[in-house]
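One structure below.
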Amino acid sequence: MAKDPVRVLVTGAAGQIGYALVPMIARGVMLGPDQPVILHMLDIPPAAEALNGVKMELVDAAFPLLKGVVATTDAVEACTAVNIAIMVGGFPRKEGMERKDVMSKNVSIYKSQASALEEHAAAGCKVLVVANPANTNALILKEFAPSIPEKNITCLTRLDHNRALGQISEKLNVQVSDVKNVIIWGNHSSTQYPDVNHATVKTPSGEKAVRELVKDDAWLTGDFIKTVQQRGAAIIKARKLSSALSAASSACDHIRDWVLGTPEGTWVSMGVYSDGSYNVPSGLIYSFPVTCHNGEWKIVQGLAIDDFSRKKLDLTAEELSEEKALAYSCLS
């Protein structure tokens, strides 16, 4: 029996990430090859013409799973009846801008979009915040969409998770699909902690620990961490534009695993509302290792945290607490 279409909202849809993301969703990369979708695309009025161009291309691509397209600059129209919301639109930090200025702009954007989702999204709507500062934008959205359960509001750290997998696969010259269970802890910023202490690689003689195979602790605690933390900046330097393709692909991975489930024995990184696990202050949106089943995520419990890791987990939590205070000061 044919499935009912799922309505998926992408904000900032005329931008680079949106342009890479919407065809992936329409092709079934996000929700599977048998799940029809209706795309809701939102952008700001100055981007209305470009947004219409994206809609024209979606029509021209004749995606069999795409059952409709809503392209609009009106938040209410965009949010009406959506089942999944991917919040890509945000105010980027420009040269010479203070963090508080960026935070203030994003607080007002996320406040209005949260209100539209609160009033008009379908029950059980799942939200993924991509726009930076992603963790804190997600927290603001949660504040102004109180009827959306906190477990349904997440932020993207899967891009960092995938970057960590990529670095290990290149270092060991193995398939990236054979590496699993890296962890991104904390903020989607340069304080995030990419952790390989529990990661493994599938080898002909069974699963082996990444640390045992790499045999280079100095690299794992030094260049590896720095490369993952600063990969976004390195891509901007090389491309003269921020990472769009990889961000779009990881947003698909995040939603797909959340909705369809993670493979047995595999966890992924998601920015979720902290319940105090691993002594991370509750009330922050923080990246943890999670497993997903039946559309629900669950933090992986009981992992050993060494002293080096503890300091890293605390450092990124401190930054998130500061960001939270800054964001809430913009609300008053």
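Criterion applied to N132, N137 was being open to solvent by 50 Å² or more (accessible area, probe 1.4 Å) and either of a type outside the set (K, R) or farther than 20 Å from L31 by Cα (or both), and the one residue passing it is N132. Taken together, the criteria exclude T80 from residues that are modelled with pLDDT of 95 or more, among the polar types (S, T, N, Q) and touching a strand residue (DSSP E or B) at 6+ places or on another chain (Cβ under 6 Å).
When segment 301-317 is limited to residues that are in contact (Cβ under 8 Å) with a residue 40 or more places away in the chain and either assigned to a loop (DSSP other than H, G, I, E, B) or out of contact with any Gly (no Cβ under 9 Å at 6 or more places or on another chain) (or both), the one that is surrounded by the fewest Cβ atoms within 10 Å (Cβ to Cβ) turns out to be A304.
Considered as a group, the residues in segment 235-249 that are surrounded by fewer than 19 Cβ atoms within 10 Å (Cβ to Cβ) and in a loop (DSSP other than H, G, I, E, B) include one that is modelled with the highest pLDDT, and that residue is A244.
Among the candidates W258, W267, the residue that is open to solvent by 30 Å² or more (accessible area, probe 1.4 Å) and touching a residue at least 60 places away in the same chain (Cβ under 8 Å) is uniquely W267. If only residues of segment 140-164 that are of a type in the set (S, T, N, Q) and outside any loop (DSSP other than H, G, I, E, B) are counted, the one that is surrounded by the fewest Cβ atoms within 10 Å (Cβ to Cβ) is N152. Restricting attention to segment 170-228 and to residues that are of a type in the set (D, E) and closer than 15 Å to T266 by Cβ, the residue that is most open to solvent (accessible area, probe 1.4 Å) turns out to be E207. Note on segment 190-234: among residues that are of a type outside the set (D, E, K, R) and part of a strand (DSSP E or B), the one that is nearest to V176 (Cα to Cα) is V201.
Screening the candidates K311, K324 for the property of being of a type outside the set (D, E) and under 19 Å from A131 (Cβ atoms) yields one hit, K324. For segment 50-60, the criterion of being open to solvent by less than 60 Å² (accessible area, probe 1.4 Å) and β-branched (V, I, T) is satisfied by at least one residue.
The values are calculated or read from the model by the stated rules, or taken from the named source; none is laboratory data. Note that the structure is a prediction, hence the values are computed from the model and not measured. Note: ideal-geometry Cβ built from the backbone for every residue, glycine included; neighbour counts use all protein chains shown. Accessible surface is based on the protein model in full, side chains and every heavy atom, while ligands, DNA and RNA are left aside. Shrake-Rupley method; radii C 1.70, N 1.55, O 1.52, S 1.80 Å.
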